[in-house]
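J.: Dropping a structure here in structure tokens format, bear with me for questions.
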Amino acid sequence: MSDIVLASESEISVAGMSFDDLLRIQDVEPWVVPGRTLVKKPIMMGIPHIITAVRYQNYDERGEERGYVSVEAVVANEQVLADSIPRINKLVGNENVKSISDLFVKPNEEIVYNDSSTGIRRTLTEMFQSAGIIDVGGEENDKRRFDRGWKDWLRYDQFETVGSGANERQEPYITHRADGKPLVILALRGLYVSVYDRFGAQSETWYLS
């Protein structure tokens, strides 16, 4: 008996096919890989967006005690973005953005950006503390407690299990309010940056607005 297996008439070879040809294969619906566009914070300067989830990442390789957050969000719709162009140009300091096609993000695009500062990370942590979603502990009037690494918190109820074996851990992943409703945080004016001198070197801190 021959070891050669003949393809049926319904089987199609995709070798050498172009991107457009692959999308046009009859009766074949592409499987779309889920994911978000990772963007740098300067790209989000003045860009309205809604935050839908916040992931507290493990301490980063630089050894920063508080680690960082990955902020998952959805960019505003076409009309809101268009109305924001004057403010975006003012924040950036030029008039390069003439229309939304000049932006690095698209209307309704799902994006994610990271922050480890006393700006965005602290603001979100303080917000979650006030809402009863987490308990960072510490003195009530001490703002620095919101900069604690999540491993030093007293409580967090929402998390995602990551890693495996000895490296398995439950990292805070905030997706809902304390009442169970979806997390929806509107940053209508996007991000802005504060630039300052620290120990003779220029530093910056990013904030939600």
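Values in this text are rule-based calculations from the coordinates and carry no lab data. Just so we're clear, the structure is a prediction, and the values are computed from it rather than from any experiment. Note: ideal-geometry Cβ built from the backbone for every residue, glycine included; neighbour counts use all protein chains shown.
J.: Calculate how steeply helix 120-130 sits against the longest principal axis of the alpha-carbon atoms of the chain, using the helix alpha-carbon long axis, and give the answer as 0 to 90 degrees to the nearest 10.
T.: It is inclined by approximately 70 degrees.
J.: Report, to the nearest 10°, how far helix 78-92 tilts away from the longest principal axis of the Cα atoms in the chain, using its own Cα long axis and a range of 0 to 90°.
T.: Compared with the principal axis, the helix lies near 50 degrees.
J.: May I ask you to derive the FRET efficiency for R155 and S194 from their Cβ-Cβ distance with R0 = 30 Å, giving the value to the nearest 0.05? Numbers along the way, then the final one.
T.: Details: r = 31 Å, r/R0 = 1.03.
With a Förster radius of 30 Å, E is 0.45.
J.: Let me ask you something else. Go ahead and set up a Gaussian network model of the chain, Cα springs under 10 Å, then flag whichever of A131, A76, A15 fluctuates most.
T.: A15
J.: Give me the extension gain from K40 to I12: residue separation times 0.36 nm, minus the current Cα-Cα distance, reported in nm with one decimal.
T.: This chain segment gains 6.0 nm when fully extended.
J.: Spin-label point model (7 Å from Cα, Cβ direction): what's the L23 to K143 distance in nm?
T.: Result: 4.8 nm between the two label points.
J.: Sum -39500 (n - 2.57) across every DSSP H segment of at least 4 residues in the chain, then divide by the residue count to get the 222 nm mean residue ellipticity, nearest 500.
T.: Estimated from H runs of four or more residues: -4500 deg cm²/dmol.
J.: How many nm is it between the label spots at Q79 and E204, if each spot is 7 Å from the Cα in line with the beta carbon?
T.: 3.3 nm
J.: Now, a different point. Once you put a point 7 Å from the Cα of H176 and another 7 Å from the Cα of D135, both along the Cβ direction, what distance in nm separates them?
T.: Here the answer is 2.0 nm between the modelled labels.
J.: Related question: Using DSSP, restrict attention to beta bridges with both residues in region 35-208 and report what percent are antiparallel, rounded to the nearest 5.
T.: Of the beta bridges lying entirely in region 35-208, close to 90 percent run antiparallel.
J.: Which one, (1) 39, 27, 17; (2) 59, 17, 13; (3) 125, 18, 7, gives semi-axes √(5λ) of the Cα gyration tensor in Å as derived from the coordinates shown?
T.: Here semi-axes √(5λ) of the Cα gyration tensor in Å agrees with entry (1).
J.: To continue, here is another question. Which length gain, in nm to one decimal place, applies between N96 and V32 when the Cα-Cα distance is subtracted from 0.36 nm times their residue separation? Please report the intermediate quantities before stating the final value.
T.: Numbers: separation 64, 0.36 × 64 = 23.04 nm, distance 3.34 nm.
Full-extension gain reported as 19.7 nm.
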